[in-house]
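Q: Dumping the structure here so I can ask a few things about it.
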2 protein chains.
Amino acid sequence: MFSIMSTSTKKEKAEPVILVTNDDGITAPGIRNLVEAVKDLGKIVVVAPDKPQSGMGHAITIGQPLRLHAMHIFDGVEAWQCSGTPVDCVKLAVDKVLHRKPDLCLSGINHGANHSINVIYSGTMSAAVEAAIESIPSVGFSLLDYSIEADFSAARKYARLIVEKLLKGTPDRHMVLNVNIPSVPDELIKGISVCRQAYAKYEEDFIERNDPNGHKYYWLTGQFVNFDEGKDTDVWALEHNYVSVVPVQFDLTNYVLKDKLEKMWKPS
Amino acid sequence: MFSIMSTSTKKEKAEPVILVTNDDGITAPGIRNLVEAVKDLGKIVVVAPDKPQSGMGHAITIGQPLRLHAMHIFDGVEAWQCSGTPVDCVKLAVDKVLHRKPDLCLSGINHGANHSINVIYSGTMSAAVEAAIESIPSVGFSLLDYSIEADFSAARKYARLIVEKLLKGTPDRHMVLNVNIPSVPDELIKGISVCRQAYAKYEEDFIERNDPNGHKYYWLTGQFVNFDEGKDTDVWALEHNYVSVVPVQFDLTNYVLKDKLEKMWKPS
């Protein structure tokens, strides 16, 4: 954890600016719960998609312009809905809403898990990763409950706890945390566990149907399979009622394979 | 480099099945050049988007079904256009076209660079990463020329050379290579260089306009800035007329930060 958060000393620390976004859309209960959980910890500004953007990964909008509209849906909190993807929201927020880099970016609370390989498909996590690429420390929060009526109380508690921890310190400017919260009552949660990403994924099984004209179409479905027996993974932690925290990186270089290839493929 | 490619011995090796996809769409010159470059090296099957999907990252289609249509646009090569993203193409190809995992997945040749941080926004590279998640070794190819009339001759030569290398060996089933080819005549290319991903990115600068009703909209633009002075990066290699090869991983865990956090945030 290195310096970035503030050039002032701890005592003088100005009110931190916290950008909040998500991928379920600005009207989702998850983002409302996140805003309420951290509202008094800084100046909150919400820039979130105007429609659900689950599974959008790190998509950006190319070839068409973006819109921003002020929204008055969070009591006393500046909020904008954006016509783009979660990643677009972060880019636009920095350049056209905040006109500066916020001190922290929070994404979520997602309705549904973003552990294991899901991190790569997740709009919630991609928004957080985008922030870190732009030198803004960030956290994505996800609750293991897809329901619109999910109970966010434990998720709120841990989101606040983690944000408080980060604001007390000076997180690395490229820091991204992927936080998943088990869908159990707060009293059953054993605490926070720092983990690695499990190799667990959906095994696709497209469902084939015919439209009224007799043409086929396919629905993406799949079954979640955990291929990873490690006890240091996010999937393991969540199964054992821990809040999982996986630090995420955006340097995708596979250094192990790089070393092997360098030996095999000497510059020709 | 571990075993997977074939359970048979080298001499008995069956014709490899090679899935080809891209993000510029099935009618782009880049994919035609890729198919032509490797056509005689195996059984080629093309499943590619029916429209441009640049910048789609690892997006998948949720909430609406997908379509597949047979196309007769590559001489003697089975080809399908898909209504989804590049990642959808890979998933559908395995489950509904090939009904098996291909031996290799190739993506591209992209019209434009996918070096440095671009790997994370790129539909071309996300298709390749998706293949590797599904235990299919894969390579994404990109030419540093956005033009529809780009000269693909050097890119074709190196794509073929790399595919030949891989087919001779037994690449790890989770292998992904991000290959970028400089936009210079073949005789100026110095060879292949195995690199790491540079920390170089676009600095966003949205252009603000007003529509005829006086409402603002924003176009994403930006300037490419290289923050990385390393001589072992893809950006450096390309600037010095090497074909850059970056092995890519989909375990996004930041292990360095994980170690630090474990010390700071002991399970509570």
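Here, each number is a calculation from the coordinates, and none is a lab measurement. All figures in this text were calculated on a predicted structure; none of them were measured in a lab. Ideal geometry is used to build each Cβ from the backbone, glycine not excepted, and the neighbour counts take in all protein chains shown.
Q: Go through B:147-158, B:99-110 and give me the packing order, highest mean Cβ count within 10 Å leading.
A: Ranked from most to least packed, the peptides come out as B:99-110, B:147-158.
Q: One decimal, nm, shortest first: give the distances between the label point of B:GLY76 and those of the same position in the other copies, each label point 7 Å from Cα along Cα→Cβ.
A: Distances to the matching label points in the other copies: 7.4 nm.
Q: Is the shape of region A:78-188 rounded, prolate or oblate, going by the alpha carbon gyration tensor and its root eigenvalues a ≥ b ≥ c, with a/c under 1.5 for rounded and a/b larger than b/c for prolate?
A: prolate
Q: Take A:LEU188 and B:THR27, extend 7 Å from each Cα along the Cα→Cβ direction, and tell me the distance between the two endpoints in nm.
A: 5.5
Q: A further question follows. Around A:SER135, under 15 Å between beta carbons, what's the net of Lys plus Arg minus Asp minus Glu among the other residues?
A: With Lys, Arg at +1 and Asp, Glu at -1, the neighbours total -4.
Q: When only Cα pairs under 8 Å and 6 or more residues apart are kept, what is the percent relative contact order across chain B? Mind showing how you got there, number by number?
A: On the way: 574 pairs, mean separation 48.8, N = 268.
Reported as a whole number, the value is 18 percent.
Q: Translational diffusion coefficient, Stokes-Einstein: compute it for chain B using the Kirkwood radius over C-alpha pairs as Rh, at 37 °C and 0.692 mPa s, and state it as an integer in µm² s⁻¹.
A: Estimated diffusion coefficient is 169 µm²/s.
Q: Evaluate E = 1/(1 + (r/R0)^6) for A:LYS157 and A:HIS69, where r is the Cβ-Cβ distance and R0 equals 35 Å; express this FRET efficiency to the nearest 0.05.
A: Efficiency for this residue pair is about 0.65.
Q: Relative contact order for region B:162-253 using alpha-carbon pairs under 8 Å, separation at least 6, rounded to a whole percent? Show your work: numbers first, answer last.
A: On the way: 139 pairs, mean separation 38.2, N = 92.
Across region B:162-253, relative contact order equals 42 percent.
Q: Now a separate question. Please compute the net charge surrounding B:GLY123, taking Lys and Arg as +1 and Asp and Glu as -1 over other residues with Cβ under 15 Å from its Cβ. Don't skip to the answer; put the middle values down first.
A: Working: positive: B:LYS51, B:LYS91; negative: B:ASP23, B:ASP24, B:ASP50, B:ASP88, B:GLU130.
With Lys, Arg at +1 and Asp, Glu at -1, the net is -3.
Q: Something else now. Taking a ≥ b ≥ c as the square roots of the Cα gyration tensor eigenvalues, with a/c under 1.5 meaning rounded and otherwise prolate when a/b beats b/c, else oblate, which class fits region A:180-233?
A: prolate
Q: Another one. Charges only on Cβ, +1 for Lys and Arg, -1 for Asp and Glu: so what's the dipole of chain B about the Cα centre, in debye to the nearest 20?
A: It comes to approximately 900 debye.
Q: Could you tell me the calculated FRET efficiency between B:LEU98 and B:LYS231, based on Cβ-Cβ distance and R0 = 45 angstrom, to the nearest 0.05?
A: 0.65
Q: With runs of 4+ DSSP H residues as the only contributors, calculate the mean residue ellipticity of chain A at 222 nm using -39,500 (n - 2.57) per run, divided by the residue total and rounded to the nearest 500.
A: -6500 deg cm²/dmol
Q: A further question follows. Relative to 2.2 N^0.38 Å, what does the C-alpha radius of gyration of the protein assembly as shown come to as a ratio? Two decimals please.
A: With N residues counted in the protein assembly as shown, Rg over 2.2 N^0.38 Å equals 0.95.
Q: Okay, moving on. How far is A:ASN213 from the same spot in each other copy, in nm, shortest first, if each label point sits 7 Å from Cα toward Cβ?
A: From this label point to the equivalent ones elsewhere in the assembly: 3.1 nm.
Q: What's the average, rounded to a whole number, of partner chain beta-carbon atoms within 10 Å of each residue's beta-carbon in B:193-204?
A: 5
Q: What is the sum of charges, Lys and Arg at +1 and Asp and Glu at -1, for the other residues whose Cβ falls under 11 Å from the Cβ of B:ASN110?
A: Within the 11 Å Cβ shell, the charges total -3.
Q: If the label for B:GLY230 sits 7 angstrom from Cα along the Cα-to-Cβ line, what are its distances to the same label in every other copy, in nm to one decimal, shortest first?
A: Those label-point separations list as 2.1 nm.
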